[in-house]
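Below is one structure, written out as C-alpha cells; comments come after it.
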Amino acid sequence: MTGFLRRRAVTSLLPLIAVLLGVFFLARLTGDPANLYLPVSATPEQRQNFIEANGLDDSIWVQMWDYLGGVLTLDFGDSLRTGESAAAMALRAFPATLQLAFSTMLIAVVGAVVIGSWAAYRPNSVADRISSFLSMTAASVPDFWFAIVGVWIFAVSLGWLPTSGVTGGMASWVLPVATLVIRPLGVLTQVVRGAMVSALSAPYVRLARSKGAGDLRVVTHHALRNAAAPALTVAGDLMVGLINGAVVVETIFGWPGIGKLMIDSILGRDFAVLQACVLLTAVSIFVLNILIDIGYALLDARVREKVSA
Amino acid sequence: MLSPPIRRSRGLPKVAGLLGLALVASGCTVANSEYVTGGGADGLRIVLPQEPPTLEACQSSLTATGVVVRSNITEPLLERDPDSGELEPLLATEWEQTSPETWTFKLREGVTFTDGTPFDAEAAAFTIDRAVNSDLACEVEGYVFGDTDLEVEAVDETTLTVTSPEPDPILPLRLSFVEMVSTKTSTTEKVREPIGTGPYRVADWQAGQRLSLESNPGYWGEVPAYKNVNYVWRAEGSVRAAMVANGEADIATSLAPEDGAGELAVAYANNETTALRMQADQPPLDDIRIRQAVNYVIDRKLLAETLFEKLAQPAGELIPDGIVGYEPDEQIWPYDAARAKQLVDEARADGVPVDTEIRLIGRNAQFPRITETIEVIQGELAKAGLNVKIEMMDTNAQLEYQIRPFPKDTGPYLLMIMHGNQAGDAAFTLDQYMLAEGYQSSWGTAEFDQKIRAAEALVGQERQDAMAALWQYEQEEITQYAYIAHMSAIMAKSPNVSYRPNSASGDEMRLAEMSPVS
C-alpha cells in the first residue's frame, strides 16, 4: 500500500503543478488590476508604484519563480483587497466548504443507496419513479434556480427557513444543502440503481437466495457490496466538484466558503488569494482521490491485488 | 494467492455515522462564521450587493465604500443637501472666499475623533493634505481634484485656509468629499478602517462576513436612533429583497424591478445616467454620420418604458435634474431607424469602412437588464447596416476600456457607461467625460475644452447657463456620446424603519436619518 501511495503521489504531482501554473498564467491574462485599485486620475508614477509594490513589474517568469518559491514555503503573499495573508484567508474559508460538501455527500449517498436499491429491487415502483425524477431534475434544473425558488417558497412564502446567511443554526443548512444535494443525489441514484440491477441478477445473488437469504440481506450484504465500487467512483467525482467550491450556492446564500472567496478574488483580480485557494482545493482533491483509490481497493479484491503488487 | 478478507461493508456506515455525529456535535455551526453571530441583533440590518473593498476614508468616492463610510463613520467639513443642492455646515460652521484662490473655513469646536484626538484645524489640514497632496493615490483625489494640489494652512485652532493654484468657485463643494480622519492615521499607506468623528464607529468587521457599526458615545451631534448597525452582503438581488420580506434585514439596496421586493420596494431617482461612449478616433466611428446613426437607432422612450419599467427617463445629457449645469430642455434624439440607415449608406458611398466590426462593450450587471439593453441596441445597429459584436466583461476588464490609458489596437468600440455625478455640479462630469484628455473621455476638441473651462470658471446663474449649453453643443459638434436614460434605483425597506431615500442614498446612506417606526 505504501508503494501504491508513493506512486499515486508522484503521478499526481504533475497535474498539481499544471494546475498551479495554469491558474498563475490565466489569472494574469485577465489584465492589470491597477484600474480597480487606483483612482482614474492616477499618475504614471502612482501606477508604477502600485505595479512595483505588488511585484507586477517583473517579467512573467520572475513572477512565476517567486510564486513557486512562495508555494514551497507556504507564503502566498497578501491580499490586494484586504492586506491579509492570502493563505490565512483561504484556510479560514475552506472548512465551511468542507462542511457543506461532506454534509451534502452524506445525504446524497445515503439517499442514493436507499432509493437506488429500492428502485432496482422493485422496477416501476414508486422508488423507481422517484429515481427517474431525481435524475431528470438533476440533469435539467440549474442550481441557482433551485436556490432562488427555494428561498421564495420556504423562506418568504412559508417563513420556515432563513433566506441566507449562516447564523440560523440547523435551519441555515437546509436550503444550501438541499440545493446542492439535488445533482449528486440524482446522479448517484441512477448509478446505484444500474449497478444494483446488474448485481441482483448475478449468479452469487441467486446462490444466496437459494441458500435462503432474505431480501434485505441479499440487497445489503451481497448486491450492494458489489454495486458500491462504481458508485464510489462517481461519488468521488461529485465530491471533487463540491470541494472545488459550490460557487453558486455559496454566493447566493452568503456561505463563507472557498467558492465565494475564489469568485471575489477573481472579480477583484486578487491573484494571491486566488492562487492560495486553487492550491488548497487542488491538494484536497489530490488527497480525496487517494482516499477514493484506497476505498476502491478495500471494496474490490482485484484492485487490492494490483495495489499490493 | 488469496487476499485476506476485509470487513468492508461496516466501514462506510461508520464513516457516515461519524460525519453525521461531527455535524451534530458542532451544533450545526458553520466554520468561518463565528464572527457572524451575535452583536447588534436589535439594531438596524442592511444588506448590500457587495462588501466594501475598504473603509479608507480617502476612498469614499467609491460607491461601495462611501455608502458605509460617508457621514456615518467619518464626516466632511461641509455636506451637500441632495434635495436643495446647497452646502450645509458640518465640521465647518462658516466658510468664505477670502481671495480668488483662497477659501477660509471656521471649524466646529468641541469635536473629537473616536480615538480621543481633537478635531481642529491641524487635523483638517492633515486630512486634506493626506487625501489630495500625498502619493497615496486616493480615489477622492482622482474623482474630485484631478491633478490639482492644494495649499492648506491651520491658521489657528479653528481656522483653516485652503488655497488652489487657480481660482476655484466650487472648492467648498470639492472639499465636501474629503472625510476628516484622525491625525494618527497613516500617511504612508491607506488604512482599512478609518478613525472619524461621525455618529458611528466600526465595532467589528470580519472580511467576507459582516460589518458592524456602533454609535459613537462621544458624538458631538444628535444621538442616532439606532445604536447598532449590521451590514451584510448578498450578490443576488432577489435574495436581498427576500431578506427584507422575511424580516432578516431592514433595508436592501441596489434592487432590480424583477427582484420581487413588492410592496416593500421604494423607487427613487439617483444620479446615474447611462450612455454609449463612442471611440471616435477609430473608423468608422471617426465619421460623425456614423455617430449620429448610433444616436438615431436608440429608442430611448421604448427602453425606458419596457426594459427599465418606467423607472428611467430618456436622456439628452450625462447629468440628471438637480445637478448644477443640468439643461432642463434637454434635446433627446428621436428614434429614426430610416435616417440612421440613410446616414450609414451615405458614409459607405463616401468610402467610410462601415462594414468594419464595431465592438459593443458592456459590464456585467452594471445596471438591471444591461444585457437586454445592449442586445436591443445591437439589433437596431445591424438594421442600420453596421457590423456590431457584443462583448460583456467584468468590471476590471471593462474599466480598461473606460479609463485612460486606453488599450491600443482595439479597433472601433462603443462602450456602455453609467455615470453618477455625486457632487452636484457638472464640472465633475465635464472634466472626466468631456474634455479631450479627460480620464474617461475618448476624444474632444480644443474649442470644446475651452468652452468647458470657461463655464467652470463662472459662478451662480452664469455658471448654470453656460454649463447647460454645453450638452447641446456636445451632441451637435462632438457627438462622443449617445445618451440613453436617467436611471432610478430601488431599495427594499422594512415597514419598521422610517427612511426616505434621496438621490445621494446610493453613494452616501446616512444612518442618522433612519429611525424605527414607533
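The values are calculated or read from the model by the stated rules, or taken from the named source; none is laboratory data. What you are looking at is a predicted structure, and each value in this text was computed from that prediction instead of being measured. Cβ: placed from backbone, ideal geometry, glycine included. Neighbour counts: every protein chain shown.
Things worth noting here:
- Spans of helices (runs of 4 or more DSSP H) in the stretch A:1-93 with at least 1 residues in contact with a Phe, Trp or Tyr (Cβ under 6 Å, 6 or more places away or on another chain): A:2-29, A:34-37, A:60-72
Here is a yes/no grid of residues against (1) surrounded by fewer than 20 Cβ atoms within 10 Å (Cβ to Cβ); (2) at pLDDT below 95:
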| position | (1), (2) |
| --- | --- |
| B:415 | no, no |
| B:423 | no, yes |
| B:437 | yes, yes |
| B:440 | no, yes |
| B:443 | yes, yes |
| B:448 | no, no |
| B:468 | no, no |
| B:471 | no, no |
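- The stretch A:48-74, residues that are over 31 Å from the mean Cα position of the chain (by Cα), more than 14 Å from every other protein chain (Cβ to nearest Cβ) and closer than 19 Å to residue A:84 by Cβ: A:55
- Per this entry, residue B:247 is counted among residues that are on the phi > 0 side of the Ramachandran plot, within 11 Å of chain A (Cβ to nearest Cβ) and not hydroxyl-bearing (Ser, Thr, Tyr).
- Applying the condition of being at negative phi, out of contact with any strand residue (DSSP E or B) (no Cβ under 9 Å at 6 or more places or on another chain) and in a loop (DSSP other than H, G, I, E, B) to the stretch B:138-181 and asking which residue is modelled with the highest pLDDT yields B:178.
- Within the option set A:174, A:187, being modelled with pLDDT of 85 or more, part of a helix (DSSP H, G or I) and under 18 Å from residue A:154 (Cβ atoms) holds for one residue only, A:174.
- Some residue of the stretch A:57-77 being touching a residue at least 24 places away in the same chain (Cβ under 8 Å) and charged (D, E, K, R): no
- Cβ pairs under 6 Å, 6+ apart, first in the stretch B:293-318 and under 16 Å from residue B:383 (Cβ atoms), second part of a loop (DSSP other than H, G, I, E, B) and aromatic (Phe, Trp, Tyr): B:295/B:333; B:299/B:335
- Single residue of the stretch A:6-32 satisfying the filter (within 14 Å of chain B (Cβ to nearest Cβ) and among the aliphatic types (A, V, I, L, M)) that is farthest from residue A:262 (Cα to Cα): A:29
- Residues in the stretch B:433-464 that are within 30 Å of residue B:509 (Cα to Cα), outside any loop (DSSP other than H, G, I, E, B) and in contact (Cβ under 8 Å) with a residue 12 or more places away in the chain: B:433, B:456, B:463, B:464.
- Restricting the search to strands (runs of 3 or more DSSP E) fully inside the stretch B:38-111 and requiring at least 1 residues that are surrounded by fewer than 24 Cβ atoms within 10 Å (Cβ to Cβ) and either under 18 Å from the mean Cα position of the chain (by Cα) or within 14 Å of chain A (Cβ to nearest Cβ) (or both) gives B:44-48, B:78-80.
- The residue pairs whose first member lies in the stretch B:221-240 and is within 14 Å of another protein chain (Cβ to nearest Cβ), whose second member is of a type in the set (Ser, Thr, Tyr) and assigned to a strand (DSSP E or B), and whose beta carbons are closer than 8 Å, counting only pairs six or more residues apart or on different chains, are B:230/B:212; B:231/B:212.
- Restricted to the stretch A:88-104, and to residues there that are over 15 Å from residue A:284 (Cα atoms) and surrounded by 18 or more Cβ atoms within 10 Å (Cβ to Cβ), the residue that is farthest from the other protein chains (Cβ to nearest Cβ) is A:104.
- In the stretch A:276-300, the residues that are crowded, with 18+ Cβ neighbours inside 10 Å and either among the polar types (S, T, N, Q) or touching a strand residue (DSSP E or B) at 6+ places or on another chain (Cβ under 9 Å) (or both): A:276, A:281, A:284
- Residue among B:302, B:318, B:381, B:311 that alone is among the hydrophobic types (A, V, I, L, M, F, W, C), touching a strand residue (DSSP E or B) at 6+ places or on another chain (Cβ under 8 Å) and more than 22 Å from residue B:442 (Cα to Cα): B:311
- For the stretch B:386-417, a tally of residues being in a strand (DSSP E or B) and under 24 Å from the mean Cα position of the chain (by Cα) returns 8.
- Residue match in the stretch A:223-234 (condition: over 21 Å from residue A:299 (Cα atoms), away from chain B (no Cβ under 11 Å) and surrounded by fewer than 24 Cβ atoms within 10 Å (Cβ to Cβ)): no
- Screening residue A:142 on (1) within 25 Å of residue B:261 (Cβ to Cβ); (2) crowded, with 18+ Cβ neighbours inside 10 Å; (3) modelled with pLDDT under 85; (4) more than 8 Å from chain B (Cβ to nearest Cβ) shows it passes everything except condition (2).
- Members of the stretch A:105-120 found to be hydrophobic (A, V, I, L, M, F, W, C) and either without any contact (Cβ under 8 Å) to a residue 24 or more places away in the chain or more than 9 Å from every other protein chain (Cβ to nearest Cβ) (or both), listed by number: A:106, A:107, A:108, A:110, A:112, A:113, A:114, A:115, A:118, A:119, A:120
- Scan the stretch A:242-278 for residues that are of a type in the set (D, E, K, R) and either more than 9 Å from chain B (Cβ to nearest Cβ) or more than 26 Å from residue A:65 (Cα to Cα) (or both) and the total you get is 3.
- Sole residue being farther than 19 Å from residue B:98 by Cα, charged (D, E, K, R), without any contact (Cβ under 8 Å) to a residue 40 or more places away in the chain and surrounded by fewer than 20 Cβ atoms within 10 Å (Cβ to Cβ), chosen from B:204, B:156, B:147: B:147
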